[in-house]
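Enquirer: Have a look at the structure that comes next, please.
None of the figures in this text is laboratory data; all of them are computed from the coordinates on show. Being a predicted model, the structure only gives us computed values, none of them experimental. Methodologically, a virtual Cβ is constructed for each residue, glycine included, from the backbone with ideal geometry; neighbour enumeration extends over all protein chains shown.
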Amino acid sequence: MSQVQEPRKVLQHATIRFAGDSGDGMQLTGTQFTNTSAVMGNDISTFPDFPAEIRAPVGTVPGVSGFQVHFSSEEIHTPGDVPDILVAMNPAALKANLVDMPHGSLILINRNSFNKAQYGKAQYESDPLTDGSLDKYRLVEVPLTDLTERAVAETGLPKKAADRCKNLFALGVMYYLYDRPLEVTLNWLEEKFSSKPQIMKANQLALQAGYNYADTAEIFTDHYQVPKAKLAAGEYRSLTGNQAVAMGFVAASEVIGKPLFYGSYPITPASDVLHELAKLRHFGVMTFQAEDEIAAIGVAIGAAYGGALALTGTSGPGLCLKSEAIGLAVMTELPLVILNVQRAGPSTGMPTKTEQSDLLQAVWGRNGDSPLVVLAPATPSECFSYAFEAFRIAVKYMTPVILLTDGYLGNGTEPWMIPNPEDLPSIEVSHDHEVKDFQPYRRDPETLARPWAIPGQPGLEHRIGGLEKKDITGNINYDPDNHQRMTDLRLGKINGIAKDIPELEIYGNPDADLVILGWGGTYGALYSSVKRLNAAGFKVAGAHFRYLNPFPANTGDVLARFKKVLVAELNTGQLDILVRSRFARETTPFFKVQGKPFKINELMDFIEAQL
Amino acid sequence: MSNAATLTKKDFQSDQTVRWCPGCGDYAILSAIQSTMPKLGIAKENIVFISGIGCSSRFPYYMETYGFHTIHGRAPTIATGLKTVNPDLSVWMITGDGDGLSIGGNHLLHILRRNPNINVLLFNNQIYGLTKGQYSPTSEIGKKTKSSPMGSLESPINPIRFALAAEASFVARTYDTNVKHMGEVFQAAAAHQGTSFVEIYQNCVIFNPDPFDSFYDRKVRSDEMIHLDEGEPLVFGKDVKKGLFLDGMVPVVKTLEEAGDEQPIVHQPEQKARYYANMLAEMEHPRYPIPVGVFRKVVRPSYENLLKGQVEDAIAKKGRGKLKDLFGQGDTWKV
C-alpha cells in the first residue's frame, strides 16, 4: 500500500491502444476514454480498427478489434504514430499489435487470458509472458478476469456476464494512469443500462475497482497528467466523420428549407450514416433502405426530381453499382449528393480498412464525358462543413456532387466546435420559373444551371431523360453539332465552379523549394509532418486538396511556385495522375496501401529524403 | 393552371412526333392512356410518367405531362423516390417485359412489396424490340430469334404470377386491341390506393407479330378470353355460353348447359389470400380462356403514407427537430 504518491509526470500528449476480441468491448472502452479526455479539455484524435467479421472465432488474431486514442494538451491532427501503451485483453490482441509497439513501451495484459489454450489460438508456440520474447517492453500483468469477477461478485451476476465487465476494469486502470475522472463513464453507464440495473452496477463496480486497484497495487512506476489543451474558445463535443456528414446534410436541409431524402443500402463503413439519419425523422428526414445500391441512387434521383434535397451514400463497390445512375443525374442535371466513405479495394477488398483509392472512379468512372463535382473533407470536423458545401454546389449548379470521405475519417473522432445554427451560410433555391416559353434546358447565364422545375408546378410540364437533348428545349436530339455543344456546356458548367470555391492554400513554409500535395483524410499526418520538419529547420511547404473536381482556380500558380512537387496518398497514384495530366508537372510520389493511415514519421522520412 | 374539369384527350398529346413502328400496339395503348387522363379529374401538372428503357419507355415523351425517361430497369426506383417526397402526384410507370422483368426484375419486386401509390403498366410483347429482336423473359421456350437461332432455353415468367408473389395489392391484365377494356383497367388502377400492376399484351409488328392472336383477335376473343368482372360469374362464349367451375382445387371449363344447376365461380378480386388470384393466373391458353381484367385488389397502406406517418409521429413525440439541439447532443464541454 503506498502512502505517499509520487507526483504525476506531466505529458504533452499520450497515445493508448485498447485491443481485444471483437466481443470484448474495445470500441466502447476507447470511446469512453476519448469522451472523458475530451470533456477534460484535451485535444483528441482516434483511430478505431476492427475486423469485418462480427465475431471471428474467439481468441484468434483475425478477431482482434483495436481502438487507438491520442490525447494532448496541444493541438493534434492524427491518432498518433505509435502507442505509448497497449492494453491487450488476450494473447491474440498482443500478437496483432506488438509490431506497432516501440521497445520500452508499456503493455498492460490480462494475465488470466494467457493460458496454453489461449496463446495456442493466437498461434504462439510458447507463453510469450515467460519465454522472454517481451523482455524489451515494460510489461504490466494484471489478472483482469479474476479481479473483475471479485469486484462485481456482490451483484450476483453469473460468471459469464461478470467477465464481460473486464473492459471497464481495464478502463478504470487507464483512468488512474492518466488521471481522469470516472464521472463521464459512470453517468454514461447509468443512462445506457437504466433498464438493467444489475449490469449497470456491475460495470460501475468494475470501473471503480480498476481505478482503485491501479492506485493501491502500485502496478505502474509512473503515472501521468495530460493537461488541458488550448483550443479556441467555444463549446465542443467529440464527433466521428460519419456523424459529422449526417449533421452537415441535415443542416443543409434546414437552411434550404427542403426535406432531406437519403437512399442507401447498408455497406461498411457507410452504414452509420444511415443509422444516424434514420434517427432524425423529427427533422423531416426521410431515410430509405433500398433493395440494392442502384435502387438507393434511383430513389434519390426521383426525390431530387421531386424537389427534395436528395442524397445517396455508399462505399467503393457501391459507387461502381451507382455509376450508370450517376450518369443519368449528370445528363438530367439534377442536384444530388453521393457520399462515398472509401474503403480498401479492389472488389470487396478490406471493408473495415481505410484507403483513398476511389478518386479516379469519382472523377471519371462513368461512360461518356460525364463531368461532376468531387469534394473531399480533410478531417472529421470538416466532414460537417463539406457535407453542407456539397449541397450548396449541387442545388446552385444543378449537378451531382460526390463527397469522398474514408473509413479513417468516418470512424475517427476529434473535438468539434459546435457551430451556432444561425451562423450557417444561407443557400438560395428557387423554383420560381416563368411559365411563358418555359424551356427545361435554358441555362442561367452565370452558373449555366438549368431550371429546377418540379412536378406539380402548373405550366412547366416537360420531359427529361438520359438521351442527348437539344440545347434549351431538352427534346431528344442526335445532331452532331448539338451533342458537341451540350457536352461542352456540361463540362463548362462544372469547370466554372472553380470561380466559386476557395483557393488552394499553402501551409508550412511558403518560400520552400518543395511542396507536398495530398487530399482528403490524410491531412492530419501531412500537416503534422510538414510542421515538424519546419520546426526542425527544414523548409517544406504543403498544399491539401478538398476540391478535386474542379481543382481550385489557383492550383497551377501554386504548383509553379515550387521546384519540386511531392504527392502523398493512400492509393497507387490517383491525385498524382490528375496533377501530372492537368498541370504537366513531374511529381515524386509516396503511395501507401496497407489499409492504414499515414504515420507522421514515415512522411517525414520521405520528405526529408527529397530535400 | 390547368383546369382538370375541362381537359380533353388532346391536352395530353405532346408536340413530339410519335416514333414507334407503324402498326405497333403501343399506339393503341398511348391513345387509351390519353383518353383516360381527362377522366381522372387530375390537373395535368400533377401527373408524371416515368419509364425505363425500351420501345415502350419512349412513352413519356408523347404525354403532355411531366415525364422522366430514366435508365434500363430502374424506373421503379425513380418513381418510388418521386412519390415518396411528393405524395400528391399521380405517378405512372411505363415498362416492358425486358425492362421490368429482366434487368429491372429486382426493382419491380420491391416496388410491389413496398406498395407506393403508383400505377405500373408493363407492356408485354414477349420480345426485345429496341435491340432488334432477341427473346425476352416472357418469350416461350424454344423461341427462335437472332440471339437464339436454335431456340431459347429458359422458362418464361408469367408477369401476373410474379406480381402476386411480390405481394402486389392490385394486379390486372388488359390488351392492346381493346381500347375500351384498357381504359376501364387504367381507371381502376388509378383509383386503387397502392401500387397497381397492369400487364398489357402488346403486339410487336416487326419482331414478334401477333403472338396473342390465337385468343385476342376480334374473331375469336369471345370464346378464348374471359373477362373478370367483380361480383359477376366467370362466364364467356359467343354462341355457346361457358363458365369456369371448380373441381376440387382445379378450375374447369364447362358449358352452362353441361353444368346444369352448378354455379360458375363468382369473381372476387378482394380476397386477401392469393390462391384464388393465382388460380386465375395459372390459366393458360389454349387449355383455358385467357383471363383479363382485375385479378386482385386488396387494401394495404402505401409506402409514402407510412413514411409520412413516421415523420409526423416523430415530430409529435419529440417536437420538430432543432439544429441547436442536434449539434449539442451528448457530452459537451466548454473551452
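Enquirer: At 222 nm, what value in deg cm²/dmol follows for chain A if DSSP H runs of at least 4 each add -39500 (n - 2.57) and the sum is divided by all its residues, to the nearest 500?
Expert: -11000 deg cm²/dmol
Enquirer: Continuing with the same structure: Charges on Cβ only, +1 for Lys and Arg, -1 for Asp and Glu, centred on the Cα centroid of chain B; of B:Ser56, B:Thr70, B:Val235, which one is farthest towards the dipole's positive end?
Expert: Highest projection toward the positive end goes to B:Thr70.
Enquirer: List the residues, sorted by chain then number, that are 5 or more residues from A:Ile402 or on another chain and whose placed amide H is less than 5 Å from its amide H.
Expert: Here A:Ile338, A:Val373, A:Val374, A:Leu375 satisfy the definition.
Enquirer: With a/c under 1.5 counting as rounded, go ahead and sort the range A:515-611 into rounded, prolate or oblate using the C-alpha gyration tensor (a ≥ b ≥ c being the square roots of the eigenvalues; past the cut-off, prolate if a/b is larger than b/c, else oblate).
Expert: oblate
Enquirer: ³J(HN,Hα) across the range A:431-438 via Karplus (A = 6.51, B = -1.76, C = 1.60, θ = phi - 60°), whole Hz, x for Gly/Pro?
Expert: Once θ is set to phi - 60°, the couplings for the range A:431-438 become 10, 8, 10, 4, 6, 5, 6, 5 Hz.
Enquirer: So, by mean Cβ neighbours within 10 angstrom, what's the order for B:55-61, A:368-374 with the highest one leading?
Expert: B:55-61, A:368-374
Enquirer: What share of the DSSP beta bridges in the range A:233-500 is antiparallel, in percent to the nearest 5?
Expert: 25
Enquirer: Moving on to the next point. Which residues among the range B:128-145 fall inside the zone where the amide N is under 15 Å from a point 7 Å beyond the Cα of B:Ala165, along Cα→Cβ?
Expert: Flagged as within label range: B:137-139.
Enquirer: Can you give the average number of partner chain beta-carbon atoms within 10 Å of each beta-carbon in peptide B:87-96, as a whole number?
Expert: 1
Enquirer: Cβ under 10 Å from B:Leu164's Cβ, B:Leu164 left aside: what net charge do those residues give with Lys, Arg +1 and Asp, Glu -1?
Expert: +2
Enquirer: May I pose another question? So which aspartates and glutamates pass the test for A:Lys470, namely a Cα distance under 15 Å, with those fewer than 8 places away in the same chain ruled out?
Expert: Reachable aspartates and glutamates: A:Glu333, A:Asp479, A:Asp481, A:Asp488, B:Asp15.
Enquirer: Separate question: If you filter the range A:133-207 for trypsin sites (Lys or Arg not before Pro), then keep DSSP loop positions with at most 12 other Cβ within 10 Å, what is left?
Expert: A:Lys136
Enquirer: Excluding same-chain residues fewer than 8 positions from A:Lys499, which lysines have a Cα within less than 20 Å of its Cα?
Expert: Candidates past the 8-residue exclusion: A:Lys396.
Enquirer: How big is the charge dipole of the protein assembly as shown about its Cα centre, in debye rounded to the nearest 20, if each Lys and Arg gets +1 on its Cβ and each Asp and Glu gets -1 on its Cβ?
Expert: So the dipole magnitude of the protein assembly as shown works out to roughly 340 debye.
Enquirer: A follow-up question, please. What is the count of Lys pairs in the range A:9-225 whose alpha carbons sit under 29 Å apart, if the two are 8 or more places apart or on different chains?
Expert: Lysine pairs meeting both conditions in the range A:9-225 amount to 27.
Enquirer: So for the protein assembly as shown, taking the charge dipole from beta-carbon charges (+1 Lys/Arg, -1 Asp/Glu), which of A:Phe249, A:Ile418, B:Gln187 sits furthest toward the positive end?
Expert: B:Gln187
Enquirer: Set the Förster distance to 22 Å, then compute FRET efficiency between B:Arg113 and B:Glu282 from the Cβ-Cβ distance, nearest 0.05.
Expert: With R0 = 22 Å, the Cβ-Cβ based efficiency is 0.55.
Enquirer: How much FRET efficiency would the formula 1/(1 + (r/R0)^6) give for B:Gln13 and B:Val240, where r is the Cβ-Cβ distance and R0 is 45 Å, rounded to 0.05?
Expert: 0.60
Enquirer: Mean Kyte-Doolittle of at least -0.5 and a Cα length of 15 Å or more along the axis: which whole DSSP H helices of chain A meet both?
Expert: Length and hydropathy pass: A:26-40, A:166-177, A:197-217, A:241-256, A:293-305, A:316-332, A:380-397, A:523-535, A:600-610.
Enquirer: Do any trypsin sites (Lys or Arg not before Pro) in the range B:252-289 lie in a DSSP loop with no more than 16 other beta carbon atoms within 10 Å, and if so, which?
Expert: Loop-located and lightly packed - B:Lys272, B:Arg287.
Enquirer: Please compute, for peptide A:507-517, the average count of beta-carbon atoms on other protein chains lying within 10 Å of each residue's beta-carbon.
Expert: Whole-number average of other-chain Cβ neighbours for A:507-517 is 0.
Enquirer: Under a point spin-label approximation (7 Å from Cα along Cα-to-Cβ), what is the A:Ala232-A:Ala117 distance to one decimal in nm?
Expert: Label at A:Ala232, label at A:Ala117, 5.5 nm between them.
Enquirer: Among B:Ile94, B:Ile265, B:Ile50, which one shows the biggest mean-square fluctuation in a GNM of chain B, springs joining Cα atoms closer than 10 Å?
Expert: Highest fluctuation of the listed residues: B:Ile265.
Enquirer: Please return the longest stretch of chain B lacking exposed loop sites, where GluC sites (Glu not before Pro) count only if DSSP places them in a loop and at most 14 other Cβ atoms lie within 10 Å.
Expert: B:1-139
Enquirer: Give me the percent of DSSP beta bridges within chain A that run antiparallel, rounded to the nearest 5.
Expert: Antiparallel bridges make up about 35 percent of those DSSP assigns within chain A.
Enquirer: With each pseudo-label sitting 7 Å past Cα toward Cβ, what's the B:Val220-B:Asp325 distance in nm, one decimal?
Expert: 6.8
Enquirer: Loop-only GluC sites (Glu not before Pro) in the range A:550-611, please: DSSP not H, G, I, E or B, and at most 13 other Cβ atoms within 10 Å.
Expert: For GluC sites (Glu not before Pro) across the range A:550-611 that sit outside H, G, I, E and B with at most 13 neighbouring Cβ atoms in 10 Å, the list reads A:Glu586.
Enquirer: A further question on this structure: Given labels modelled 7 Å from the Cα in the Cβ direction, how far is it in nm from B:Gln193 to A:Glu75?
Expert: 5.9
Enquirer: Apply 1/(1 + (r/R0)^6) to the Cβ-Cβ distance of A:Asn554 and A:Val10, taking R0 = 45 Å, and write down the FRET efficiency to the nearest 0.05.
Expert: 0.55
Enquirer: Right, something else. Quick check on packing: order A:212-221, A:535-544 by the mean number of other C-beta atoms within 10 Å, highest mean leading.
Expert: Per-residue Cβ counts within 10 Å, averaged per peptide and sorted highest first, yield A:535-544, A:212-221.
Enquirer: Have a look at B:Ser152, A:Leu578, B:Thr332 and report the one farthest towards the positive end of the charge dipole of the protein assembly as shown, computed about the Cα centre with Cβ charges (Lys/Arg +1, Asp/Glu -1).
Expert: Of the options given, the answer is B:Ser152.
Enquirer: Right, another one. Counting each DSSP H run of 4 or more residues in chain B as -39500 (n - 2.57), what helix-only mean residue ellipticity at 222 nm follows after dividing by all residues, to the nearest 500 deg cm²/dmol?
Expert: -8000 deg cm²/dmol
Enquirer: Going out from 0 in 5 Å bins, what whole percent of all Cα-Cα distances in the range A:238-368 drops into each bin?
Expert: Binned Cα distances yield the sequence 2, 11, 22, 24, 21, 14, 6, 1, 0.
Enquirer: Here's a follow-up. Out of all DSSP beta bridges with both ends in chain B, state the antiparallel percent to the nearest 5.
Expert: About 35 percent, rounded to the nearest 5.
Enquirer: Thinking of the protein assembly as shown as a set of Cα atoms, what percent of all their pairs are more than 49 Å apart?
Expert: Summing the P(r) tail past 49 Å for the protein assembly as shown gives 35 percent.
Enquirer: Oh, and also: Peptides A:445-456, B:7-18, A:552-563: what's the order by average Cβ count within 10 Å, highest mean first?
Expert: By packing density, highest mean first, the sequence is A:445-456, A:552-563, B:7-18.
Enquirer: Oh, and also: Which value, in debye to the nearest 20, gives the size of the charge dipole of the range A:506-610 about its Cα centre, when Lys and Arg are +1 and Asp and Glu are -1 at the Cβ?
Expert: Approximately 120 debye in magnitude.
Enquirer: Lys and Arg at +1, Asp and Glu at -1: add these up for the other residues within a Cβ distance under 12 Å of A:Leu491 and post the number.
Expert: Net of charged neighbours comes to +1.
Enquirer: Which residues in the range A:58-91 have a backbone N closer than 17 Å to a point placed 7 Å from the Cα of A:Lys596 along the Cα-to-Cβ line?
Expert: Inside the label zone: A:61-70, A:78-88.
Enquirer: Around A:Leu168, with a cut-off of 12 angstrom between Cβ atoms, what is the net charge of the other residues, counting Lys and Arg +1 and Asp and Glu -1?
Expert: That works out to +2.
Enquirer: Taking a 22 Å limit on the Cα-Cα distance, which of the listed pairs B:Lys9/B:Lys44; A:Lys228/B:Lys322; A:Lys469/B:Lys10; A:Lys322/A:Lys592; A:Lys279/B:Lys272 fall beyond it?
Expert: A:Lys228/B:Lys322; A:Lys469/B:Lys10; A:Lys322/A:Lys592; A:Lys279/B:Lys272
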